[in-house]
1. Please count how many residues of region 409-429 are within 17 Å of His264 (Cβ to Cβ) and touching a Lys or Arg at 6+ places or on another chain (Cβ under 8 Å).
2. Just to be sure, is Thr303 assigned to a loop (DSSP other than H, G, I, E, B), farther than 22 Å from Val396 by Cα and touching a helix residue (DSSP H, G or I) at 6+ places or on another chain (Cβ under 8 Å)?
3. In this structure, is Ile219 of a type in the set (Val, Ile, Thr), within 16 Å of the ligand (Cβ to nearest atom), surrounded by 15 or more Cβ atoms within 10 Å (Cβ to Cβ) and modelled with pLDDT of 95 or more?
4. Consider Ala138 carefully, then state whether it is surrounded by 16 or more Cβ atoms within 10 Å (Cβ to Cβ), among the small types (Gly, Ala, Ser) and within 26 Å of Leu233 (Cβ to Cβ).
5. Could you say whether any residue in region 382-394 is surrounded by fewer than 18 Cβ atoms within 10 Å (Cβ to Cβ) and either at pLDDT below 95 or part of a loop (DSSP other than H, G, I, E, B) (or both)?
6. In region 1-35, what residues are free of Cβ contacts under 8 Å to residues at least 40 places away in the same chain and surrounded by 16 or more Cβ atoms within 10 Å (Cβ to Cβ)?
7. Conditions: (1) under 22 Å from Tyr203 (Cβ atoms); (2) among the aliphatic types (A, V, I, L, M); (3) modelled with pLDDT of 95 or more; (4) surrounded by fewer than 17 Cβ atoms within 10 Å (Cβ to Cβ). Leu295 meets all but one. Number of the miss?
8. Among (1) in contact (Cβ under 8 Å) with a residue 12 or more places away in the chain; (2) in a loop (DSSP other than H, G, I, E, B); (3) within 30 Å of Gln112 (Cβ to Cβ); (4) not hydrophobic (A, V, I, L, M, F, W, C), which single condition is Tyr410 missing?
Amino acid sequence: MQAYLSQRVVTPGRTGPAAILVEVEQIRAVVGPDQIPAEAEVNDFGNAAILPGLVDSHVHINDPGRSEWEGFETATRAAAAGGYTLVVDMPLNCLPATTTVAALEAKRTAAQGRCWIDWAAWGGVVADNLEDIEGLAAAAVPGFKCFLIHPGIEGFTMVSESQLRAALPHVARTGLPLLVHAEVPGPIEAATQKLAAADWRRYSTYLQSRPDEAELAAIRLLLALCREYGFRLHIVHLATGLALDELQSARATGLPVSVETCPHYLHLTAETIPDGATLAKCAPPIRSHDNREKLWKGLRNRTIDLIVTDHSPCPPEMKRLEEGDFKTAWGGIASLSLALPLVWTDASRHGFTLEDVARWMAKEPAKLAGCPRKGRIASGYDADFVVFDPEAEFTVTKERLHYRHWMSPYMGEKLRGVVKATYLRGTPVFVAGGFPGGPRGREWRR
Ligand SMILES: [Zn+2]
């Protein structure tokens with residue numbers, strides 16, 4: 001038996017001195033420091049905190065088919081370095097897209113022996129796969145993802161309202177959540193038309209091209225459909241703070257809706273993104289400083305449930321760094337290895353605690369993915385945890401990124417909190433900048 005001792009073990013509802021007792025990949029018990037059994041081998045992490053292994057339910061691994069963008073090895077190593085022990089892959093960007101059981105099986109084959117942490121895959125809901133939805137559920141996907149707007153890549157179609165209406169009875173029958181990219185095309189097309197002659201090197205042009213109204217209209221439609229069809233709705237990467245009141249009232253009426261946002265919306269602001277800095281392009285866009293503070297308020301009043309990375313890398317040339325053109329650059333930010341310090345840097349400034357961070361980044365994403373064994377330090381859970389020094393600071397350098405293409409809008413920033421080690425089912429997968437052992441990750445099937 002192993003005992004992991006720290007002055008700051010973050011368990012549900014409490015942070016304090018404790019020892020985590022681990023046997024055969026699982027947490028047997030969490031006990032007081034004076035209750036460690038004599039036969040246990042003690043690992044004392046002193047004043048560093050131990051948080052549950054983080055869960056990221058929104059990651060684009062791009063594998064199989066576009067592994068030159070990312071891939072299972074690099075994504076899961078970056079995730080291990082960031083304190084994650086489970087990532088759930090989005091169904092687009094890979095080839096084939098995960099919209100059929102055959103595509104899911106191709107993904108399972110591609111992932112074999114290449115993952116440093118555990119993984120799972122969402123299924124896609126697209127314009128023409130109605131008859132695959134229940135099959136994907138039977139093949140153990142934890143839920144589905146769809147887009148109300150062109151996803152920026154060919155091979156994964158958006159759904160119109162009528163196509164979504166046709167799919168929703170199937171989704172509702174599975175009882176699984178439907179994750180939705182909540183922007184509709186109308187307001188974006190109208191805004192973009194007006195910007196035909198604008199300077200697309202300016203961040204403000206890009207921001208104007210994707211107005212809050214596109215998110216608001218999508219969210220209003222989705223809440224109405226949720227009421228009508230009774231499916232479990234999850235809004236991915238909420239960027240506008242203007243939708244929070246409506247989301248809160250919808251939840252107050254008992255609608256099964258959950259909401260996520262991302263580190264970039266909580267850390268960066270439109271006012272500080274330099275013109276030409278396409279590394280900060282993502283969709284929906286990073287909005288104003290005031291908007292960012294609204295999102296933090298949404299976390300405080302629990303309208304926003306969880307924080308995920310939306311790790312969405314691409315080859316460097318697709319970011320058009322030389323031209324700095326926000327119109328043609330790929331939209332997506334990679335941050336698996338930095339998300340915990342990014343969130344902690346701002347969360348601690350806003351008066352939040354490590355327990356809040358563990359709820360946003362471990363417990364709630366595990367719940368969304370329906371995984372009953374991850375996301376908490378408690379008896380019977382997988383022995384997944386991250387050793388985190390919340391007071392240490394570091395400067396972001398390329399060597400800290402670990403994903404395939406070492407680009408980041410955070411390069412050179414000083415962040416608060418250092419991931420010292422990550423344990424997957426009782427075994428270290430990341431320690432002091434290195435990756436001991438081999439790729440031990442498994443698929444988690446619902
Ligand atoms: Zn995404």
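1. Number of matching residues: 1.
2. In short, yes.
3. For Ile219, the condition - of a type in the set (Val, Ile, Thr), within 16 Å of the ligand (Cβ to nearest atom), surrounded by 15 or more Cβ atoms within 10 Å (Cβ to Cβ) and modelled with pLDDT of 95 or more - is not met.
4. No, not satisfied.
5. no
6. Ala18, Ala19, Leu21, Val31, Pro33
7. (4)
8. Looking at each condition in turn, Tyr410 falls short on (3).
The values are calculated or read from the model by the stated rules, or taken from the named source; none is laboratory data. Everything quoted here is computed from the prediction, not taken from an experiment. Every residue, glycine as well, gets a Cβ built from its backbone with ideal geometry; the counts of neighbours run over all protein chains shown.
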